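Laboratory data are not the source of any read-out in this text; all were calculated from the coordinates shown. Note that the structure is predicted; figures quoted are calculated from it, not measured. All Cβ positions, even for glycine, are placed from backbone atoms using ideal geometry, and neighbour counts span all protein chains on display.
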Amino acid sequence: LEINIVPMTMSGEEEPGLLLVMQDVSAIRKLERMRSEFVANVSHELKTPVAAVKGFAETLLAGAINDPETARSFLTIIQDESDRLNRLIGDILELSKIESRRSPLQFSPIELPSFLGRMTELLSAEAARKDIELDVRTEEGLFLEADEDRLGQIVMNLMQNGINYTPEGGRVKVRAFVVASENEEEEFVRITVSDTGIGIPKKDIPRIFERFYRVDKARSRSSGGTGLGLSIVKHLTELHHGTIRVESTVGVGSQFILELPLIQP
Ligand code: ADP
């Protein structure tokens, strides 16, 4: 609560009075705090790969370049860290674009079976490398009104996480079907992405959609994650008037449940 006291004299009165102004600023302060936390996080996240690139480049120049094997391994690290930097910048720009509503969604009818087929295609090489089975099945002829690129980002992020957080030999399963709302007045498409992966501890579940929140920082880094994927997913889902939640058991696997209106309101 912000309280301001202003002296004032009412017209016709001799004695000066005081005006008390009370304003609830908690929402404003919270927003300010979130914003400055985000800036601090962004700076930290950007500095880490830059420091690695600089450090390895310096070591190379100081002489390591003369040993071809060392040089190759340091240059590989520089390349990987530059890639991470690129992904981070891309995700940060994406998030800010979504939040400022600068690019409104372009809704069109999307045929889900072929759409999910394309997503699977794009991830098939990566899944094969980890010996992970991609099992995707949908109702035939299922259509949904959505922004195709953004829906692609949502589904790709969820499937990519499924692959990242599942040990070799596991499975990532995608299903899509129509469900009715409780009052049976609206129809939704429910898309589930489940994996046989490491799972998410109960205490972390409420926070995983926050920006930069990771259960295991080292694991997220080694799988190439930016910590922004799920917050982008959540934002894009909300722009589609949909919902997303997760059910998970540590050591068994996770299931992300996405529900989007069949027709945009
Ligand atoms: P990241 O780039 O770290 O993957 P995300 O925003 O996509 O960031 O996810 C946030 C965190 O949620 C991850 O770091 C990970 O700890 C957890 N997570 C997301 N998806 C899964 C999953 N399918 N299985 C287990 N943990 C997951």
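Please report the relative contact order for the chain, taking Cα pairs under 8 Å with a sequence separation of at least 6, and give it as a percent rounded to a whole number.
Reported as a whole number, the value is 15 percent.
If packing is taken as the average count of other Cβ atoms within 10 Å, what order do 26-34, 149-157 fall into, highest mean first?
149-157, 26-34
Each label point is 7 Å from the Cα along the Cα-to-Cβ direction; what then is the distance between the points at Thr249 and Gln23, in nm?
5.3 nm
Classify segment 125-198 as rounded, prolate or oblate, taking a ≥ b ≥ c as the square roots of the eigenvalues of its Cα gyration tensor: rounded when a/c is under 1.5, otherwise prolate if a/b is larger than b/c and oblate if not.
Details: a/c = 2.49, a/b = 2.03, b/c = 1.23.
Taking the square roots of the gyration eigenvalues as a ≥ b ≥ c, segment 125-198 is prolate.
Order of 116-122, 209-215 by packing, highest average Cβ count within 10 Å first?
209-215, 116-122
I need Val136, Val172 ordered by Cβ neighbour count within 10 Å, fewest first.
Val136, Val172
Roughly how many debye, to the nearest 20, is the charge dipole of the chain about its Cα centre, given +1 on each Lys and Arg Cβ, -1 on each Asp and Glu Cβ, and no other charges?
Once rounded to the nearest 20, the dipole reads 1020 debye.
What pairs in Lys54/Lys202; Lys97/Lys130; Lys30/Lys202; Lys54/Lys234 have C-alpha atoms more than 29 Å from each other? Provide the component values of the computation, followed by the final result.
On the way: Lys54/Lys202 39 Å; Lys97/Lys130 33 Å; Lys30/Lys202 26 Å; Lys54/Lys234 34 Å.
Going by Cα-Cα distance, Lys54/Lys202; Lys97/Lys130; Lys54/Lys234 fall outside the 29 Å limit.
Quick one: if the Förster radius is 51 Å, what FRET efficiency do Ile205 and Glu14 give, using the C-beta to C-beta distance and rounding to 0.05?
About 0.20, to the nearest 0.05.
Which ordering of His241, His235 is given by a fewest-first count of other beta-carbon atoms within 10 Å?
Fewest-to-most Cβ neighbours within 10 Å comes out as His241, His235.
Relative contact order, percent, of segment 1-90 when contacts are C-alpha pairs under 8 Å separated by at least 6 residues?
On the way: 65 pairs, mean separation 18.7, N = 90.
It rounds to 21 percent for segment 1-90.
With the cut-off at 1.5 for a/c, could you classify segment 38-137 from its C-alpha gyration tensor as rounded, prolate or oblate?
Oblate shape, in that a/c is at least 1.5 and b/c is the bigger or equal ratio.
For the chain, just run the numbers: alpha carbon Rg, then divide by 2.2 N^0.38 Å, N being how many residues it has.
Normalised Rg, Cα atoms only: 1.34.
Given axes a ≥ b ≥ c from the Cα gyration tensor, I'd like to know whether segment 91-142 is rounded (a/c under 1.5), prolate (a/b larger than b/c) or oblate.
Oblate, because a/c is 1.5 or more while a/b does not exceed b/c.
How much length would be gained if the chain were fully extended between Ile257 and Val178, taking 0.36 nm per residue of separation minus their Cα-Cα distance, in nm to one decimal? Walk me through the numbers on the way to the answer.
On the way: separation 79, 0.36 × 79 = 28.44 nm, distance 1.27 nm.
Result: 27.2 nm gained on full extension.
For the pair Leu93 and Arg219, what calculated FRET efficiency results from E = 1/(1 + (r/R0)^6), where r is the Cβ-Cβ distance and R0 = 25 Å, to the nearest 0.05?
Once rounded, the FRET efficiency stands at 0.50.
Straight-line reach from Lys173: which aspartates and glutamates fall under 18 Å, measuring Cα to Cα and dropping same-chain residues less than 8 apart?
Glu121, Glu126, Asp131, Glu133, Asp135, Glu139, Glu140, Asp195, Glu247, Glu259
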